[in-house]
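Have a look at the structure below, then the notes.
Coordinate-derived values only; no laboratory data. Owing to the predicted nature of the structure, the values given are computational and were not obtained by experimental measurement. Here the Cβ is made from the backbone with ideal geometry for all residues, glycine too, and neighbour counts use every protein chain on show.
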Amino acid sequence: MAIGGIATTFTRMMGIRYPIVGAPMFLVSSPRLVAAVSNAGGLGSIPTLNYKTGEALKEGLAEIGRLTDRPYAVNIIVNKANRRRDEDAKICLDAGVPVFITSLGSPRDLIAKAHANGCKVFCDVVDLPYAKKVEDLGADGVVAVGAGAGGHAGRIVPQVLVPHLKENLTIPVLAAGGIADGRGMLSALALGADGVYMGTRFIASTEAEVAGAYKDAVLRCAPEDVVYTARLTGTHANFIGTPYIKKLGTELTWLERVLYTHRWTKKWAKGFRVWSVSRHMRSSAQKDGEARVWKDIWSAGQTAALVHEVLPASVIIERIVAEYGRALSSLPHAECPPE
Ligand SMILES: Cc1cc2nc3c(=O)[nH]c(=O)nc-3n(C[C@H](O)[C@H](O)[C@H](O)COP(=O)(O)O)c2cc1C
């Protein structure tokens, strides 16, 4: 039986058919991927930092506008290390971006500006205190980034984080981390999530404009191969355990700990680290070749273990929706005792 839509508070707020967000991914999301997810009934998204300049960002947004008339989202890192934060926000507001997703910092200014323009703002959170803060600032929803998620990830497992946030917030909660198929979506909605937020699954999509070696590494990756480390950017994130990542290890050195926490050095030390790691990640994401595999940095979540094929984003979404229907109807029914 074909499923024409799955309605939640989130789908109604966005005017979309399915509660599926193609999560923003540094160097992986492309206008084609954003549009494919949105055209298939989900919500596509892209980080502004996928563009090296404001001009390039403007062109990227125009391209998305040519490829889809459906809603989509833009992700802005709102901490001070992102020196393009305000310029990029203005470009997005001028371009009429309908939805913002903030990460790594205070979304206060962006929420005020976005709301003045009639846009919605969802904020990445990894725990309840921060989720409460962004709700008080007026966020329209939160992304509950649980343990195991690709990119920067929290420490609380989604099975606890999602219901914990639902019990204590009034705004919609999207579940991120551990979801790559319809079974995962069913489990997240059963926990009370208003939608699912999936990154890693879409690295292995036709539209993700990254090297074949990166997609292959996702297809080959077992959950045991995923390394959770703060050594790259000073904030914990998940990466495929290439020789380079394994060599780097997971614990910060004492010097990194001092530099990343002291109020005078934090902004510059993290800013420099993020800049140099970003350059390294860019060449890993874009260049193929056996010779370089030892030094590659590829981010992915534990769900890589559930990804077995590179597919067009529209097919990924169709399959998730069909699997959701099958998983829902195959759940064991609670038996009532005889009267
Ligand atoms: C390769 C990669 C890059 C990412 N880049 C960003 C980013 O630039 N901004 C952001 O807010 N989240 C980023 N994330 C996190 C995703 O938006 C999302 O939270 C995560 O992918 C969900 O977990 P999953 O990968 O297990 O589906 C990234 C994730 C991956 C895998």
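Give the long-range amide H neighbours of ASN75: residues separated by 5 or more places, or on another chain, with amide H under 5 Å away, using H modelled in the peptide plane at 1.01 Å from N.
ILE46, THR48, ILE101
Using the Cα centre as the reference, give the magnitude of the dipole from point charges on the C-beta atoms of the chain (Lys, Arg: +1; Asp, Glu: -1; all else neutral), rounded to the nearest 20 debye.
Around 1260 debye, computed over the chain.
About the Cα centre of segment 173-232, how large is the charge dipole given +1 on each Lys and Arg Cβ and -1 on each Asp and Glu Cβ? Please answer in debye to the nearest 20.
100
Helix-derived [θ] at 222 nm for the chain: sum -39500 (n - 2.57) over DSSP H runs of at least 4, divide by residue count, nearest 500?
-12500 deg cm²/dmol, from helical runs alone.
Return the subset of LYS80/LYS132; LYS113/LYS270; LYS52/LYS270; LYS52/LYS246; LYS58/LYS80 for which the Cα-Cα distance in this structure is over 24 Å, preserving the input order.
LYS113/LYS270; LYS52/LYS246
What share of Cα pairs, in percent, lie more than 20 angstrom apart in segment 148-228?
Above the 20 Å cut-off, segment 148-228 has 38 percent of its Cα pairs.
Could you go through segment 266-277 in sequence order and give the Karplus-derived ³J(HN,Hα) for each residue, using 6.51 cos²θ - 1.76 cosθ + 1.60 with θ = phi - 60°, rounded to whole Hz, and x for Gly and Pro?
Computed from phi, the couplings for segment 266-277 are 3, 4, 6, 5, 5, x, 5, 4, 4, 4, 6, 5 Hz.
What number do you get for segment 197-338 when its Cα radius of gyration is normalised by 2.2 N^0.38 Å, N = residues?
Computed over Cα atoms of segment 197-338, the ratio equals 1.34.
Provide Rg over Rh for segment 1-154; use the alpha carbon set for both Rg and the Kirkwood Rh (inverse mean inverse pair distance).
Rg divided by Rh gives 0.94.
Summing Lys, Arg as +1 and Asp, Glu as -1, what charge do residues with Cβ under 13 Å from the Cβ of THR303 carry, THR303 excluded?
Charge balance in the 13 Å sphere: 0.
Ratio to report: Rg/Rh of segment 181-223, with Cα atoms as the point set and Rh obtained by the Kirkwood method; give two decimals.
Over the Cα atoms of segment 181-223, Rg/Rh equals 1.09.
Roughly speaking, what % of Cα-Cα pairs in segment 52-131 are separated by over 22 Å, rounded to a whole number?
When all Cα pairs of segment 52-131 are counted, 22 percent exceed 22 Å.
When the scattering of segment 114-252 is computed by the Debye formula from its Cα atoms alone, each counted once and equally, what is log10 I(q)/I(0) at q = 0.11, 0.13, 0.14, 0.18 Å⁻¹?
Calculated log10 I(q)/I(0) at the listed q: -0.46, -0.63, -0.72, -1.07.
List the aspartates and glutamates whose alpha-carbon lies under 14 Å from that of LYS247, not counting same-chain residues fewer than 8 positions away?
Excluding near neighbours in sequence, the set is ASP225, ASP296.
Roughly what percent of Cα-Cα pairs across segment 99-148 reach past 12 Å?
It works out to 56 percent of all Cα pairs.
Arrange the following residues from fewest to most other Cβ atoms within 10 Å of their Cβ: GLU323, GLU59.
Arranged by neighbour count, lowest to highest, GLU323, GLU59 become GLU59, GLU323.
Over the alpha carbons of the chain, what is the largest minus smallest coordinate on each principal axis, giving the biggest first in Å?
Largest first, the chain extends 69, 46, 41 Å along its Cα principal axes.
With just the Cα atoms defining each centre, how far is segment 21-35 from segment 220-264? Give it in Å.
Comparing the Cα centres of segment 21-35 and segment 220-264, I get a distance of 24 Å.
Give me ILE240, ILE91, ILE203 sorted ascending by neighbouring Cβ count inside 10 Å, so fewest comes first.
ILE91, ILE240, ILE203
For the chain, what is the relative contact order in percent, using Cα pairs closer than 8 Å and at least 6 residues apart in sequence?
17
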